[in-house]
Amino acid sequence: MFRRLNQKVKEKVGRATVTRVPAEVEANITFTADMKKHLGEMESTVANAYSFCGSGSLTKLEKFSQRLDKIAVKKKGTKMGTAAGSTASVIQDFSKRDRKLRAEVLSQFCQGFCKQFIATEIKQCQALIDYMKKRRLDKDAAANSNKPTEEADANYDAALAEVQKAFEAYPDYQQRHAGEVKKLLMLMDKTVQDKIDASADCKKTLNI
């Protein structure tokens, strides 16, 4: 560990020879960090988008529907009462759909994909990257001390090969990512369409 620390210090002040990692490996190392950040931000954004219906308390729309229910009771038999009752029913239907969608989004996308992907695939790749960096430091520390060893070189080469092998799966990861986003959008789109259909039924009831 001390040898690696000493090597890092020498590299920072420009007093050590550094083995250059292949450009495509450097690019994928950066991509790994970006992918983790992107998934984390996406998970947070999507979860926050449905925070309005996440607590046990009523949403603003649900409170409004309660007021409409009261109007419907007071004005029962009138056009206003019918309109208030029908509108309250649609709002309640919307709220149920929003809560159901939130549960599915959190389960399938936020927890089931984003957090799970970060905790497994990305974590595993990052561990290989970190290990390769340590072996690179060992290799260069040995070389800069004029005591290069075949073992240090071999360990670095093996670690580099493992990282490169892991990066071969990245196109598949991107396809999975795109597929999960597509499923999320389809789920959200279906809920919107269901709300439109429910609104159309309400219009028929009110003869609008």
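The values are calculated or read from the model by the stated rules, or taken from the named source; none is laboratory data. Owing to the predicted nature of the structure, the values given are computational and were not obtained by experimental measurement. Please note: Cβ atoms are built from the backbone with ideal geometry, for glycine as well, and neighbour counts cover all protein chains shown.
Can you tell me which residue is farthest from Asn28 (Cα to Cα) among those in the range 139-163 that are of a type in the set (Gly, Ala, Ser) and over 31 Å from the mean Cα position of the chain (by Cα)? Steps first, answer last, please.
To start, the set of residues in the range 139-163 that are of a type in the set (Gly, Ala, Ser) comprises 141-143, 145, 152, 154, 158-159, 161.
Then drop every residue that is not over 31 Å from the mean Cα position of the chain (by Cα), which leaves 141-143, 145, 152, 154, 158.
On the way: Ala141: 25, Ala142: 27, Ala143: 26, Ser145: 30, Ala152: 23, Ala154: 22, Ala158: 17 Å.
Restricting to residues being of a type in the set (Gly, Ala, Ser) and over 31 Å from the mean Cα position of the chain (by Cα), the top hit is Ser145.
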- [ ] Inspect all residues belonging to the range 145-158 and state whether any of them is aliphatic (A, V, I, L, M) and in contact (Cβ under 8 Å) with a residue 60 or more places away in the chain.
- [x] no
Open item on the list: Filter the range 25-63 down to the residues that are in contact (Cβ under 8 Å) with a residue 40 or more places away in the chain and acidic (Asp, Glu) and list them by number.
Closed with: Glu43
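What about Arg102, is it in contact with a Ser or Thr (Cβ under 6 Å, 6 or more places away or on another chain), touching a residue at least 12 places away in the same chain (Cβ under 8 Å) and within 22 Å of Lys195 (Cα to Cα)? Give the derivation first.
Working: in contact with a Ser or Thr (Cβ under 6 Å, 6 or more places away or on another chain): no; touching a residue at least 12 places away in the same chain (Cβ under 8 Å): yes; within 22 Å of Lys195 (Cα to Cα): yes.
No, not satisfied.
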- [ ] With the condition kept exactly as written, say whether any residue in the range 65-73 is closer than 30 Å to Leu39 by Cβ and assigned to a helix (DSSP H, G or I).
- [x] no
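Using the structure shown, decide if Gln92 is surrounded by 14 or more Cβ atoms within 10 Å (Cβ to Cβ), within 30 Å of Glu62 (Cβ to Cβ) and more than 20 Å from the chain's Cα centre (by Cα). Lay out the reasoning, then the answer.
Working: surrounded by 14 or more Cβ atoms within 10 Å (Cβ to Cβ): yes; within 30 Å of Glu62 (Cβ to Cβ): yes; more than 20 Å from the chain's Cα centre (by Cα): yes.
Considered against the rule, which asks whether it is surrounded by 14 or more Cβ atoms within 10 Å (Cβ to Cβ), within 30 Å of Glu62 (Cβ to Cβ) and more than 20 Å from the chain's Cα centre (by Cα), Gln92 comes out as yes.
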TODO: Spot the failing condition for Ser57; the list is (1) buried (at least 16 other Cβ atoms within 10 Å of the Cβ); (2) among the hydroxyl-bearing types (Ser, Thr, Tyr); (3) in a loop (DSSP other than H, G, I, E, B), and only one is missed.
DONE: (1)
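Is it fair to say Ala166 is over 30 Å from Glu41 (Cβ atoms), in contact (Cβ under 8 Å) with a residue 24 or more places away in the chain and assigned to a helix (DSSP H, G or I)? So that I can check it myself, show each step before the final result.
On the way: over 30 Å from Glu41 (Cβ atoms): no; in contact (Cβ under 8 Å) with a residue 24 or more places away in the chain: yes; assigned to a helix (DSSP H, G or I): yes.
Judged against the criteria, Ala166 is not a match.
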Task: Candidate set: the range 175-198, residues that are at pLDDT below 90 and not hydrophobic (A, V, I, L, M, F, W, C); chosen: the one farthest from Arg99 (Cα to Cα) - done: Asp197
Task: Test set (1) within 31 Å of the chain's Cα centre (by Cα); (2) buried (at least 19 other Cβ atoms within 10 Å of the Cβ); (3) not aromatic (Phe, Trp, Tyr) - Arg136 fails condition number - done: (1)
Open item on the list: Can you confirm whether Lys115 is basic (Lys, Arg) and either over 13 Å from the mean Cα position of the chain (by Cα) or under 30 Å from Thr87 (Cα atoms) (or both)?
Closed with: no
Open item on the list: Given the criterion at pLDDT 85 or above, out of contact with any Cys (no Cβ under 9 Å at 6 or more places or on another chain), of a type in the set (Ser, Thr, Tyr) and on the phi < 0 side of the Ramachandran plot, identify the matching residue among Thr205, Thr149, Thr120.
Closed with: Thr120
